[in-house]
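Below is one structure, written out as structure tokens, with a few remarks after it.
The values are calculated or read from the model by the stated rules, or taken from the named source; none is laboratory data. Quantities reported herein were computed from a predicted structural model and do not represent experimental measurements. Here the Cβ is made from the backbone with ideal geometry for all residues, glycine too, and neighbour counts use every protein chain on show.
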Amino acid sequence: MQSKKTYTLQEATRKLEHYCAYQERCHQEVRQKLEGMHMIPEAIDVIIVHLLKHNFLNEERFAKTFVSGKFKIKAWGRRRLTFELKKKDISKVNINQALKAIENGEYIEVFNDLAEKKANSIKESDKFKKRKKLIDYLLYRGWESYLVYEKANELIK
């Protein structure tokens with residue numbers, strides 16, 4: 001049987017500094033990591049305070065990085081971005097702040113490119129089924145329904 005590795009407060013703090021320096025993290029991820037390391041709640045609080053004080057952990061910065069990455073790489077819409085950030089317990093203020101960083105022109109451009117690429121890749125002869133597939137895909141990606149339905153009707157006649 002494997003014995004659980006135990007960490008001193010200092011070791012755990014160093015480990016979490018590296019964890020946060022490697023990639024932006026949210027409070028929830030850090031707490032889960034510490035719980036996974038079998039740290040007691042008091043130690044978890046001490047380490048989180050340390051990470052906040054030394055700017056290893058910053059939820060506003062995390063939200064902006066998350067939004068920027070998921071929007072540029074995965075082409076997620078605002079609804080999906082908001083949903084995913086809420087799942088990570090990010091405050092409304094930070095979510096809204098992060099979403100403001102996306103320019104409207106760029107947002108619509110990414111949406112149009114994504115919709116056109118997907119519409120061209122759907123191999124379906126029945127236009128109603130094809131339109132449904134496109135709509136489902138775009139809604140799953142978190143794009144606003146008014147944009148999705150308008151675009152689907154424009155692309156698939």
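Taking the criterion of being in contact with a helix residue (DSSP H, G or I) (Cβ under 8 Å, 6 or more places away or on another chain), free of Cβ contacts under 8 Å to residues at least 60 places away in the same chain and in a loop (DSSP other than H, G, I, E, B), the residues of the stretch 115-157 that qualify are Ile122, Glu124, Ile156, Lys157.
Of all the residues that make up the stretch 55-83, how many are of a type outside the set (Val, Ile, Thr), at negative phi and free of Cβ contacts under 8 Å to residues at least 40 places away in the same chain?
Count: 13.
Gly105 fulfils the conditions (1) modelled with pLDDT of 95 or more; (2) surrounded by 12 or more Cβ atoms within 10 Å (Cβ to Cβ) except for a single criterion, (2).
For (1) closer than 20 Å to Glu60 by Cβ; (2) surrounded by fewer than 14 Cβ atoms within 10 Å (Cβ to Cβ); (3) not basic (Lys, Arg), each residue gets a yes or a no:
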{"site": "Glu109", "(1), (2), (3)": "no, yes, yes"}
{"site": "Lys130", "(1), (2), (3)": "no, no, no"}
{"site": "Ala152", "(1), (2), (3)": "no, no, yes"}
{"site": "Leu155", "(1), (2), (3)": "no, no, yes"}
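Just for the stretch 1-53: of the residues that are of a type in the set (Ser, Thr, Tyr) and loosely packed, with under 10 Cβ neighbours inside 10 Å, which one is modelled with the highest pLDDT?
Tyr22
In the set Phe66, Phe56, Phe62, only one residue is crowded, with 18+ Cβ neighbours inside 10 Å, more than 11 Å from the chain's Cα centre (by Cα) and aromatic (Phe, Trp, Tyr); that residue is Phe56.
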